[in-house]
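These notes concern the structure reproduced below.
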Amino acid sequence: MSISAEEAQKMKNEVAVGCCRTEAGTVISAKNLEDPAIIPDLVDSNLLEIPDNCLKIGEVIGAKLKETVDSLTPFTPEMFEDIKKMEEDEDIKLSNEDQAAVLKINKKAGEKITIDDLEDPMHFDKLEDSLLIDLNDSDNVLSRREAVGKTLSQDLPALTPIKKAVIKEYPDSTTEEGGKSNQNNVQRGGVLKIKIDEGKGIDIELPLNTTVQGGAQTIAESNQSKSLKIKDTADKEKKAEEEIIVRKLKRKYFEINEVKFARESKIEDKTLYIRKDICQDAVDSEDLVVDLKIDIITPDDYDKFSNTIMDVQPIAVKEEGELGEGITRVIDGVIVMVTGTDEEGVQIGEFGSSEGILERNIMWGRPGAPEKGEIFIKTDVKVKAGTGMERPGPMAAHKATDFITQEIREVLKELDESLKVREEEFVQKRRPGKKKVAIIKEIMGQGAMHDNYLLPVEPVGTLGAKANVDLGNVPIVVSPLQVIDGCIHALTCIGPASKETSRHYWREPLVMEAMNDDEIDLTTVILIGSPQVNSEKFYVSKLLGMAVESMDLDGAIVTTEGFGNNHVDFASNIEQVGKRGVPVVGVTYAAVQGQLVVGNEYMDAMVDLNKSRQGIENEILENNCLTKEDAIRAIAMLKSKVAGEEIKAPERSWNPNVKLNNIEVIEDTLGEKIELAPNETSLKMSKKRKEIYEKDEKDN
Amino acid sequence: MDFKIPLKQHIGSLSKVIVNENFAVKRGQLIAEADGLGANIHASVSGKVKKITETEVIIESSQEVEKDDFLKLNKSDDYLEMIKEAGIVGAGGAGFPTHVKLNCELNNGFVIANCVECEPILNHNISLIEKDPTSIIRGIKYVMEITGAEEAYIAIKAKNKKAVKALEEKTSSENNIKVKKLRDIYPMGEERAIIKEIFGKWLEPDQLPLEVNSVVLNAETIFNISEAVEKRKPVIDKDITIAGKLNGEKTRVVKLRVPIGTPIKLLIEKAGGIKGDYGELIIGGPYTGKAVSLEEAVLTKVDGGALITLPFPEYTGPLGLLVCACGADEARLRDIAEKMGAEVVGVEQCKNVVENNGSLKCKTPGECPGQVEKIMKLKKAGAERVLIANCSDCSNTVMCCAPKLGIPVYHHTDHVFRTLNYPLTRRLKLDA
């Protein structure tokens, strides 16, 4: 294929190759030349070899051929009678060579930058003033001297400062393919490697195979990308209205470092005294409770055996205001732990209970777990035989325990203010103009030990609360501060690695992160139960859809606890939100054991909560529950989705490295280290792990 | 070579052709007569009438054009008659028939020679003045005689020192011709802006300089008057500035006395040819010129510039347009927006724009009425950037608000000035 005269003029610096047989005596014109655009392909396919002395198009045009040459012959000087020497671009003097290189014309990927392509620095002030160019990032913008002769790795419009990232010759910062974003995603050896050269917004994404196919469904995470759009939006929003403070919640911490029994309940000098005969009163308070013991567990007792852990609760009481605002007092250093069996010694909970050596079965430091060093007021409740797996049994165990906690609350309420050791304030803000986001938390509602008491009078209490099963598991709107102030008293004990305890909500990391993220407007938290029966699951998710429709949201995050049956409503909840045009991110434990059983088209942005080494439920309390690192990923992914970014499909099987790569990318982008929560490998191996889950591993 | 001579190079109606196809015509020969409001049109080259269409007469000419060889106009002592015969029209771009404009009595009035050449880049008027100041001065005197005006002003930008000096020297003995030096600001050459500078009074957009007992004529028009009166030469040549992406060392070439009907492409080739890719060809100045096809454009009596620009910067987002009477109209701005690839989401007119006989006029050219309201409206319409067509002062106002609102600003002259490394129209210096 020959080229036109205009093309020849444009391409005078390209190599000159004859397109067809050319007779001796021919004066070379454009029509004798092969299109330089295809020459690299010809070279690659060994049709052509370009010698070092190959002439340029600008040199051969008008020159007379001495010999006859065949098709696809590179022209070299000895074939011609007269060759005009082309002016080398380098001969043109480059002025202002230390000034920034800004493109004067639109250029395509693969084109070399010449002096003529660069904007005269005389215009910089006015162009910057007009916001048409930004030279503030002077470290990354090349100088005119550096830019000339370099090759662009992507298309760039005129009036763009030339940065290293768009230059082929700087491979470290070059994107692999064209495109206008500065991100680079390369698949290598089954691991999605993502590289961000620079950026402000980050996005995470964790993809999910949503097609149901032979049960081979897995969840994995991938993608990290920088969202330019988010940045744009952020710029726009600079002028948005000011933040509105909706309400505040203050927590006052009172330190207790010893728990003893005494004649009456009281707090004296950092010691909590519990009334000696309180247990009998607690037993008497509930018909189904036949016995109740309190064990005071100090760190020295962490190696003791415990029946299944049904809940971990803070001891807190309102000093001022209703739950969710005002002032709350909380004991620092002591938690209440509910454990129990039935009269026949059967653990409350069918399978997946967490009885065993405490320190081997608790993932310390998770939001819903105890901290190492804390004292547990552990109740060991015995309920009537056979009631441990029905609704009233576990409820009675919780209520009897709360009878004791309530007495401590009353003591705490009267405690002298001077004993307060620290304070923490939580502020619920609305951020008009920012993206409106809701957090939708799916909570267990199948009945029996899958229930939650909602909105008690006192934080994590039972008095005044209604069980969400009794409420029909319908969506309930609460404020983020209500969540943090203990509006959920959790009755969940099966599959403890992925169930959220009362303390989890009290320290809910996603709510905290979202509240504090000034790029989003957290409007509300919606609690929705997960009913037992499928038809009820769709009943509640439809109601959720209507509730969300009325909220004009820009984005939502749906979380769930546990795995398996609840994934049916999890998927349905996401669908109901997603089909109303609201970008939605799903957050669940999935990994290996919790592979999703259903899926739909809106489930394309998923965050996996797994922390276990094997991707399994290993009955370590709170191990696979939502932590701060997950919250960061979920919010980043939502921002990405809101910005309309594409979310990469996951690998077929679960691969923990994907998440780690994502975390790395976010760290690079934020310039901050994200603390990864440790997993069960930091614990001594429990009997169950040894005998059931990790038979191959030796006790560490 | 073919010379296409348009039958309408002026305000008014098409001139009536008086030759037939295949007629031999001589340079200077009348080929079309004014029909109502209009002007005579003459052959600019000697040759054969190849074709006559509704809008043009095409003359095929093989001869080299001898500038001083032309068919002279009939002798007359009536200067106004000579002007009419010569087909003189406003050479600054408007094309109003000069014999109509000068058919007035200015007792105790003024002739104002507009030598401001306020469109940046264009330089053919100043070149002419530098080369031949006395023809201009004599031309002014003829106009004073025709109209009975007592005094004359030569309005010129102070920055054109050489031309100013030449005019001052040549008028030093003239009591009633004064040189009025003006600031370098666009649109200082607008008729009413000059009158404001000289008389301190704004005319309404629909008022003519006659309201202040004056006529305003462009430098080249006045030169053409001298030529008509003294050499009996009709308007067959035009001065033009060719500038932009040209090969060779010069990016701006002034050609004086080029035969009308010459293809613009030929002029550009003679000036070095287009260097590489180009954005568009503008006929006229950066502010008020229009983009035309390179293949079709020919030189007319009113064309002062042929500008070859850089390709447009790409911007594919939502764009707001701010139309101004002193710069580009809406059609022109839409044209530029389309060439950039932008999506026009809003169009606003500067508050000062008033419509007068189908064309846009500015109430107070060069004095800004405030722009923030318009910019806010464009922003509200969804514009993420704006393309403005304002004069120096109004552009300054835009620059004081749009960037603060986070709205980047393009000016419709940017691609011209960036081609020629001429300062962009943005903020004014505070001491200017």
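Probing with 1.4 Å while keeping every protein chain in the model, the per residue accessible area of chain B equals 41 Å². Applying the Karplus relation 6.51 cos²θ - 1.76 cosθ + 1.60 with θ = phi - 60° to the stretch A:158-169 yields 3J(HN,Hα) values of 4, 6, 10, x, 8, 10, 3, 4, 9, 10, 4, 5 Hz, where x marks Gly and Pro. Judged by the mean number of other Cβ atoms found within 10 Å, the most tightly packed of the peptides A:334-342, B:128-136, B:247-255 leads the ranking A:334-342, B:128-136, B:247-255. Using modelled backbone amide H atoms (1.01 Å from N, in-plane), which distant-in-sequence or interchain residues come within less than 5 Å of A:Glu319's amide H? The list, which skips near neighbours in sequence, is A:Ile327, A:Thr328, A:Arg329. Surface calculation, 1.4 Å probe, protein heavy atoms: B:Leu182 sits at approximately 10 Å² accessible. Electrostatic bookkeeping for B:Leu281 treats Lys and Arg as +1 and Asp and Glu as -1; over the other residues with beta carbon under 11 Å from its beta carbon, the sum is 0. In terms of overall dimensions, chain B has a Cα radius of gyration and Dmax of 21.7, 65 angstrom. Placing a pseudo-label 7 Å from each Cα along the Cα-to-Cβ vector at B:Asp206 and B:Glu249 gives an inter-label distance of 5.5 nm. Legend: mean number of C-beta atoms from other chains within 10 angstrom of residue C-beta atoms, peptide A:119-127, equals 5. Overall form of the stretch A:278-420: oblate. Here a/c, set by the Cα gyration tensor axes a ≥ b ≥ c, is 1.5 or more, and a/b is not larger than b/c. The three principal axes of the C-alpha atoms in the protein assembly as shown carry coordinate ranges of 134, 80, 51 Å, sorted with the longest axis first. In this structure, the amide hydrogen of A:Thr524, modeled 1.01 Å from its nitrogen in the peptide plane, lies closer than 5 angstrom to those of A:Ile439, counting only residues at least 5 positions away or on a different chain.
Rolling a 1.4 Å probe across all protein chains gives A:Asp332 an accessible area of roughly 40 Å². Backbone phi angles across the stretch A:106-117, fed through the Karplus curve with coefficients 6.51, -1.76 and 1.60 (θ = phi - 60°), yield HN-Hα couplings of 5, 10, 9, 4, x, 8, 7, 8, 10, 4, 5, 7 Hz in residue order; Gly and Pro are listed as x.
Rg/Rh for the stretch B:237-308 (Cα atoms only, Rh after Kirkwood) is 0.91. Could you sort out which of A:Lys499/A:Lys579; B:Lys161/B:Lys351; A:Lys126/B:Lys270; A:Lys628/A:Lys659 sit more than 25 Å apart by Cα distance in this structure? The pairs that break the limit, which is 25 Å between Cα atoms, are A:Lys499/A:Lys579; B:Lys161/B:Lys351; A:Lys126/B:Lys270. Over all Cα atoms in the stretch B:80-235, the spread is summed up by Rg and Dmax: 14.1, 38 Å.
Comparing the full protein assembly with the isolated chain, the residues of the stretch B:248-279 losing at least 10 square angstrom of accessible surface (1.4 Å probe) are B:Lys275, B:Gly276, B:Asp277. For the protein assembly as shown, adding -39500 (n - 2.57) for each run of n ≥ 4 DSSP H residues and dividing by the number of residues yields -6500 deg cm²/dmol at 222 nm.
The residue list A:Gly368, A:Leu463, A:Gln446 was ranked by how far each Cα lies along the charge dipole of the stretch A:356-500 toward its positive end, using unit charges on Cβ atoms, and A:Gln446 comes out on top. Please state the shape class of the stretch B:158-246: rounded when a/c is under 1.5, otherwise prolate if a/b exceeds b/c and oblate if not, all from the C-alpha gyration tensor. Rounded, because the longest to shortest axis ratio a/c is under 1.5.
Spin-label model, A:Asp82 to A:Lys31: label points 7 Å out along the Cα-to-beta-carbon direction sit 2.2 nm apart. Net charge in the neighbourhood of B:Cys394 (other residues with Cβ under 11 Å of its Cβ; Lys, Arg +1, Asp, Glu -1) is 0.
Set against the 2.2 N^0.38 Å expectation for a compact globular protein, the stretch B:318-420 has a Cα radius of gyration ratio of 0.98. Shown are A:Leu323, B:Leu30, whose ranking by accessible area with a 1.4 Å probe and every protein chain present, most to least, is B:Leu30, A:Leu323.
For the stretch A:19-27, putting each phi into the Karplus relation 6.51 cos²θ - 1.76 cosθ + 1.60 with θ = phi - 60° gives couplings of 7, 9, 4, 10, 6, 4, x, 5, 8 Hz, in residue order, rounded to whole numbers and with x for Gly and Pro.
Sorted by average packing, counted as other Cβ atoms within 10 angstrom per residue and highest first, what order do B:171-181, A:567-577 take? Show your work: numbers first, answer last.
Values: B:171-181: 14.7, A:567-577: 26.1.
Top of the packing list down: A:567-577, B:171-181.
As a test of reading the structure, rank B:His42, B:His99 by solvent-accessible area (1.4 Å probe, protein chains only), most first.
Of B:His42, B:His99, the descending order of accessible area is B:His99, B:His42.
Reducing the stretch B:106-126 and the stretch B:404-432 to their Cα centroids gives an inter-centroid distance of 25 Å. Assuming a viscosity of 1.567 mPa s and a temperature of 4 °C, what translational diffusion coefficient in µm² per second does Stokes-Einstein assign to the stretch B:1-71, Rh being the Kirkwood radius over Cα pairs? After rounding, the answer is 108 µm²/s.
Among the residues of the stretch B:305-320, those with an accessible-area drop of 50 Å² or more from chain alone to full protein complex, heavy atoms and 1.4 Å probe, are B:Glu314. Ellipsoid fit via the Cα gyration tensor, the stretch A:598-686: semi-axes of 24, 17, 11 Å, each the root of five times an eigenvalue, largest first. Near B:Val344, the amide H atoms lying under 5 Å from its own belong to B:Leu319; only residues 5 or more places off or on other chains count, and H is placed 1.01 Å from N.
Shielding by partners for peptide A:147-158, expressed as the average number of C-beta atoms from other protein chains within 10 Å of each residue's C-beta, is 2. Interface between chains B and A: roughly 2000 Å² of accessible area buried, both sides summed (probe 1.4 Å, protein heavy atoms only). Ordered from highest to lowest accessible area with the whole protein assembly present and a 1.4 Å probe, B:Glu269, A:Glu371 read as B:Glu269, A:Glu371. Sorted on the mean count of surrounding Cβ atoms within 10 Å across their residues, most packed first, peptides A:260-272, A:24-36 read A:24-36, A:260-272. For every other residue with a beta carbon closer than 10 angstrom to the beta carbon of A:Leu683, add +1 if it is Lys or Arg and -1 if Asp or Glu, then tell me the sum. Net charge in that neighbourhood comes out at +1. Spread over its residues, the convex hull of the C-alpha atoms of the stretch B:242-386 is 133 Å³ per residue. For A:Met551, the solvent-accessible surface with a 1.4 Å probe is about 40 Å², rounded to the nearest 10.
The values are calculated or read from the model by the stated rules, or taken from the named source; none is laboratory data. As the structure is a computational prediction, the values presented were derived from the model and not from experiment. No Cβ is skipped: glycine too gets one built from the backbone with ideal geometry, and neighbour counts run over all protein chains shown. Ligands, DNA and RNA are stripped out before the accessible areas are found, and what is left, the full protein with its side chains, is counted by its heavy atoms. Shrake-Rupley method; radii C 1.70, N 1.55, O 1.52, S 1.80 Å.
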